[in-house]
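Encoded as structure tokens, the structure appears first; notes follow it.
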Amino acid sequence: MKRMVGFYNYTVILTYIGVVSAVLGIGLSMYGHTSMAVVCLMVSGFCDLFDGTVARTRKRTVHEQKFGIQIDSLADLICFGVLPAAIGFSIGLTKWFEAAALIAFVLAALIRLAYYNVTEEELEFCENTKRVYYDGLPVTTVAILIPMIYTLRPVMKNGFLLLYALCLLFTAAAFLFKVKVRKLGMKGMIAAAFCGLAVLALLIAGWNHIAA
């Protein structure tokens, strides 16, 4: 596809699937289907968890590698920045100070991802080393954190709105503070995937409880 802008191969498929899931989640949240939007967030998180592993199975040019870094971060902004904010609006965080918390979260994610892009390029193409630690909390953490919080919605009722807003604010701060967070290896990624399945089971159990 030399006549089209971009690089097209299987290494970016999971990233694109994650974006599709996030866009669907944003749309679902607009129509009040918040629980399904949370599931879409988890699907995006699963895709992001393993997209790097898939990308490393192919020998890529420098331009393809740089494109991968950029496209991954742009996707992360939609999946783990905009979608959590859309979920917040969907559950009722619409007062000005609540909206400010959602906006602060998206901005923190944006700043963090832009900073990550710069430092990742320096590591890979200038220092020729691989990242071992992240500076601050990775934005992808919300793919498991928000669903965990969401499982409390059936029992917390009105207090859940405050909990969600505070969760996003503290998470936004964690994005920006330079605390060393070790990058997950394959065992850690598999454990995270199983943790996600456990949270999904809790969400389904909560839906069944409400239906009953």
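Assorted remarks:
- VAL62 open to solvent by 40 Å² or more (accessible area, probe 1.4 Å) and of a type in the set (A, V, I, L, M): yes
- Every residue from the range 72-95 that is within 18 Å of LEU169 (Cβ to Cβ), under 13 Å from the mean Cα position of the chain (by Cα) and not hydrophobic (A, V, I, L, M, F, W, C): GLY81, PRO84
- Selection count where residues are over 26 Å from PHE160 (Cβ atoms) and either hydrophobic (A, V, I, L, M, F, W, C) or open to solvent by 40 Å² or more (accessible area, probe 1.4 Å) (or both), scope the range 65-85: 8
- Screening TYR134 against (1) within 21 Å of the chain's Cα centre (by Cα); (2) modelled with pLDDT of 80 or more leaves a single unmet condition, (2).
- Residue in the range 156-167 that is open to solvent by 50 Å² or more (accessible area, probe 1.4 Å), within 17 Å of CYS47 (Cβ to Cβ), modelled with pLDDT under 75 and outside any helix (DSSP H, G or I) present: no
- Any chance PHE175 is of a type in the set (Phe, Trp, Tyr), open to solvent by less than 50 Å² (accessible area, probe 1.4 Å), modelled with pLDDT of 80 or more and within 22 Å of GLY25 (Cα to Cα): no
- Residues within the range 178-195 that are modelled with pLDDT under 75 and closer than 20 Å to ILE149 by Cβ, tallied: 1
- Inter-residue pairs, beta-carbon under 7 Å, first in a loop (DSSP other than H, G, I, E, B) and in the range 51-65, second among the β-branched types (Val, Ile, Thr) and at pLDDT 80 or above, 6+ apart: ARG58/THR11; ARG60/THR11
- Filtered residues of the range 86-103 (kept if open to solvent by less than 40 Å² (accessible area, probe 1.4 Å), in a helix (DSSP H, G or I) and touching a residue at least 40 places away in the same chain (Cβ under 8 Å)): ALA86, ILE87, GLY88, SER90, ILE91, GLU98, ALA101, LEU102
- The range 19-42 - residue that is touching a Gly at 6+ places or on another chain (Cβ under 9 Å) and hydrophobic (A, V, I, L, M, F, W, C) and, of those, most open to solvent (accessible area, probe 1.4 Å): MET36
The values are calculated or read from the model by the stated rules, or taken from the named source; none is laboratory data. Everything numeric here is computed off the predicted structure, so don't read it as measured data. Neighbour counts run over all protein chains shown; Cβ positions are idealised from the backbone, glycine included. To get the accessible areas, we keep the full protein, side chains included, count just its heavy atoms, and leave off ligands, DNA and RNA. Shrake-Rupley method; radii C 1.70, N 1.55, O 1.52, S 1.80 Å.
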